[in-house]
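Right, one structure below, let's go through it.
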Amino acid sequence: MDISASLSLPLFHTIFPFVIDRERENTEHGEKDRERKAKQKLRKNIDQRETKISFAIFEPKPDMGSKLFLFSLLVLFMIQTWVVSANAELRALMDMKASLDPEGRYLSSWSIHGEPCDGSFEGIACNEKGQVANISLQGKGLYGKVSPAIAGLKHLTGLYLHYNSLYGDIPREIANLTELTDLYLNVNNLSGDIPPEISNMGSLQVLQLCYNQLTGSIPTELSSLKKLSVLALQSNQLTGAIPASLGDLSMLTRLDLSFNRFFGSIPQKLADAPVLKVLDIRNNTLSGNVPPALKRLNKGFLYENNLELCGVGFYLLKACSASSSINPSRPEPFATGTTRNIPETADLRLPCNQTQCSNPSKSHHASVVVGVIVGTIALLAIGILTFTHYRRRKQKLGNAFDVSDSRLSTDQAKVFYRKNGSPLISLEYANGWDPLADGRNLNGFSQEVFQSFRFNLEEIETATQYFSEVNLLGKSNFSATYKGVLRNGSLVAVKSISKTSCKSDDSEFLKGLSILTSLTHENIVRLRGFCCSRGRGECFLVYDFVSNGNLLRYLDVKDGDGHVLDWPTRVSIVKGIAKGIAYLHKYKVNKPALVHQNISAEKVLIDQQYNPYLSDSGLPNLLTNDIVFSALKASAAMGYLAPEYTTTGRFTEKSDVYALGVLVLQVLSGKRKVTSLVRLGAESSKFQEFIDPNLHGKFFEHEATKLARIALLCTHESPTERPSMEAIVQELSNFSSCF
């Protein structure tokens with residue numbers, strides 16, 4: 001074969017090292033002459049483009065050379081295929097970048113010379129085969145279009161482009177993503193029809209297209225998405241009848257069609273969907289009898305502002321008259337076997353025979369008159385309904401999205417998109433990790449307690465503007481914290497922790513969550529709740545928002561900048577921190593004794609009244625050991641880590657006491673770094689060396705002396721010489737600073 005002639009001897013030796021091993025074996029037997037001749041023969045065979053590679057000294061089987069060649073060709077083909085595939089994905093990403101971010105503001109990390117799977121491409125995650133599997137660009141401020149080039153990312157399983165300003169049509173080429181399970185295009189400005197080709201995406205489980213400007217009707221072909229569990233189409237401009245074929249979606253759990261222009265009746269087939277838990281059809285123009293089967297949904301069935309709906313047993317609905325009852329002889333909209341898209345409520349009699357059909361020879365003039373009257377009434381009705389729909393939608397968005405100015409500062413007065421969250425838990429995402437999945441054994445932990453703390457993922461997404469960077473409060477090597485606003489207007493801090501940073505054993509993770517829910521103290525940041533996202537692979541902890549930042553904000557400040565703490569406030573902060581630590585250390589009936597392990601100025605939050613709160617209390621009980629250890633590096637660098645840890649590798653209550661001593665010296669000196677000069681000044685009671693000069697002498701010397709002594713005892717080299725937190729709190733209770 002001609003191709004075999006292109007193989008050089010070095011390549012042959014590289015691909016087939018066992019050949020070299022045989023050569024070495026021959027050399028060891030002293031057959032150098034035969035080896036030289038064999039090599040000469042091999043080179044001659046290659047140069048002459050022979051089809052067989054024969055090496056006499058190896059005594060191979062007759063077809064060994066061809067088999068080896070075919071194997072090498074297969075390897076080279078696989079490598080080439082992988083390279084071509086990788087290049088195709090890179091080209092697709094570059095086309096998407098140009099379309100999603102035409103001005104290049106937000107996706108600058110996407111480079112034609114980069115590698116999408118090395119972590120440098122923002123929002124890109126790859127699978128174990130090095131193929132692009134996830135694009136998460138929600139809330140990035142993108143102002144462009146969804147490119148048809150997305151079809152080149154054939155291994156994509158999750159596409160999250162929600163909460164942006166994307167416009168234009170949904171490309172039909174998106175249907176080529178047959179492995180996609182989650183499609184989030186909601187809260188954009190997309191227009192046009194819903195592509196019926198989406199029905200080819202057999203793996204799709206979540207389809208979120210709400211809060212756009214989509215028009216047209218719901219494609220009947222969507223009934224072929226047998227794995228679909230969530231279909232959210234609310235707040236668009238969709239019209240037509242609700243397809244009865246949606247009842248064929250055996251996995252459909254949630255269907256939201258609210259705030260559109262749908263007409264006709266609710267198909268009986270949809271009402272009988274086996275696992276449907278939420279059906280929201282509010283603010284449409286639906287009519288007719290509501291199928292009684294929907295009573296089973298209880299609060300999951302939302303139907304307000306459909307004036308022509310009727311039914312028995314549904315709050316706010318009038319009883320149906322005989323003419324509004326469901327007539328089985330009339331086709332449901334888009335039902336199986338129906339040849340026309342006729343809403344069930346249309347007053348048509350199909351089929352008919354010669355004896356039943358009405359006489360078509362009516363007066364032509366009468367028809368014209370009736371037509372004009374009906375047309376005029378219809379136009380008037382459409383105008384009224386359109387205006388009413390606009391006002392209702394505007395009122396909905398205004399009431400749901402706006403946040404009172406009294407609750408937010410000027411830099412926080414953003415519009416928060418607030419969808420009406422389902423009471424169900426984490427329906428929005430499809431696969432993966434969920435240690436709190438309903439029905440799991442909680443190993444003795446109170447199901448009632450967990451349920452009272454569980455948040456809906458949709459509410460967390462909405463509260464944080466889909467984790468918008470505008471609301472990002474801070475990041476660490478294992479978490480990110482976002483500011484959010486709940487439905488009742490209260491401010492929260494949402495800490496997002498990746499699955500890989502959490503304990504892998506579900507029982508240990510649940511035990512850690514149980515500990516967090518048990519912490520209630522005036523100087524501990526209160527946990528409001530939590531949510532585990534299966535699709536995102538993250539756990540979200542929802543805490544009360546503490547408005548004035550952390551203690552670091554008040555250290556190393558300049559005189560007169562407004563952040564200089566007066567003496568009574570400093571004493572109050574020390575007292576509060578001590579009380580919080582003492583609470584953690586103390587055993588109670590519903591709370592185990594805890595060691596914080598990571599006390600620092602960064603973990604002390606300050607509210608508007610300058611009360612201190614310890615954050616991240618109990619958090620190490622959720623995290624893997626390597627994450628806990630990595631957090632210690634920063635703690636050690638700032639001097640909070642007790643010296644005995646380097647030899648014992650263990651945290652004790654006295655470890656927290658040591659960190660408190662460092663904090664007291666920081667509060668007294670107003671400095672982030674506690675120098676040897678500050679420590680010596682405290683030992684010798686030289687106030688000018690360890691008291692913040694920004695106080696200008698406005699402090700009580702006897703209190704400063706006591707605080708210095710407490711700090712020095714807490715930071716003693718020997719843990720046995722350090723006082724207990726109970727003794728420290730008792731000593732501090734005698735302080736009553738005021739000016």
(message) Looking only at segment 597-643, filter to residues that are without any contact (Cβ under 8 Å) to a residue 40 or more places away in the chain and more than 30 Å from the chain's Cα centre (by Cα); which one of those is surrounded by the most Cβ atoms within 10 Å (Cβ to Cβ)?
(response) LEU641
(request) Mind counting the residues in segment 163-208 that are farther than 21 Å from TYR106 by Cα and among the polar types (S, T, N, Q)? (result) 9
(request) Return the total of residues in segment 140-186 being basic (Lys, Arg) and either at positive phi or in contact with an Asp or Glu (Cβ under 6 Å, 6 or more places away or on another chain) (or both). (result) 1
(message) If LEU680 satisfies all but one of (1) closer than 21 Å to ARG722 by Cα; (2) surrounded by 22 or more Cβ atoms within 10 Å (Cβ to Cβ), what's the number of the condition it fails?
(response) (2)
(message) If a residue must be crowded, with 18+ Cβ neighbours inside 10 Å and without any contact (Cβ under 8 Å) to a residue 60 or more places away in the chain, how many such residues does segment 165-178 contain?
(response) 6
(message) Against the definition (under 24 Å from LYS511 (Cβ atoms) and either touching a Phe, Trp or Tyr at 6+ places or on another chain (Cβ under 9 Å) or assigned to a loop (DSSP other than H, G, I, E, B) (or both)), how does ALA631 come out, yes or no?
(response) yes
(message) Please go through segment 163-188 and give me each residue that is among the polar types (S, T, N, Q) and not in a loop (DSSP other than H, G, I, E, B), ordered by number.
(response) ASN176
(request) Look through SER501, SER514, SER518 and report the one residue that is among the polar types (S, T, N, Q), outside the structural domain of ILE577 (by TED's automatic domain parsing), more than 22 Å from LEU473 (Cβ to Cβ) and in contact with a Phe, Trp or Tyr (Cβ under 6 Å, 6 or more places away or on another chain). (result) SER514
(request) Name, by its number, the condition in (1) more than 30 Å from ASP182 (Cβ to Cβ); (2) under 16 Å from the mean Cα position of the chain (by Cα); (3) among the hydrophobic types (A, V, I, L, M, F, W, C) that does not hold for LEU541. (result) (1)
(message) Tally up the residues in segment 308-322 that are closer than 19 Å to SER258 by Cβ, touching a residue at least 12 places away in the same chain (Cβ under 8 Å) and assigned to a loop (DSSP other than H, G, I, E, B), please.
(response) 4
(message) Taking the conditions exactly as written (in contact with a strand residue (DSSP E or B) (Cβ under 9 Å, 6 or more places away or on another chain), acidic (Asp, Glu) and surrounded by 17 or more Cβ atoms within 10 Å (Cβ to Cβ)), does ASP182 satisfy them or not?
(response) yes
(request) Kindly indicate which of LEU680, LEU713, LEU663 is modelled with pLDDT of 95 or more and over 22 Å from ALA634 (Cα atoms). (result) LEU713
(message) If a residue must be assigned to a loop (DSSP other than H, G, I, E, B) and either surrounded by 21 or more Cβ atoms within 10 Å (Cβ to Cβ) or of a type in the set (A, V, I, L, M) (or both), how many such residues does segment 141-156 contain?
(response) 5
(request) Go through (1) within 25 Å of LEU166 (Cα to Cα); (2) outside any loop (DSSP other than H, G, I, E, B); (3) out of contact with any strand residue (DSSP E or B) (no Cβ under 7 Å at 6 or more places or on another chain) and name the single condition ALA125 misses. (result) (3)
(request) Considering only residues that are among the aliphatic types (A, V, I, L, M) and touching a helix residue (DSSP H, G or I) at 6+ places or on another chain (Cβ under 6 Å), look in segment 239-261 and name the one that is surrounded by the most Cβ atoms within 10 Å (Cβ to Cβ). (result) ALA244
(message) Can you pull out every residue in segment 108-135 that is within 19 Å of the chain's Cα centre (by Cα) and surrounded by 18 or more Cβ atoms within 10 Å (Cβ to Cβ)?
(response) PHE121, ILE124, CYS126, VAL132, ALA133, ASN134, ILE135
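The values are calculated or read from the model by the stated rules, or taken from the named source; none is laboratory data. Computed from a prediction, not measured in an experiment: that's the story for all the values here. Quick reminder, even Gly has a Cβ in these numbers, built from the backbone with ideal geometry, and neighbours come from all protein chains shown.
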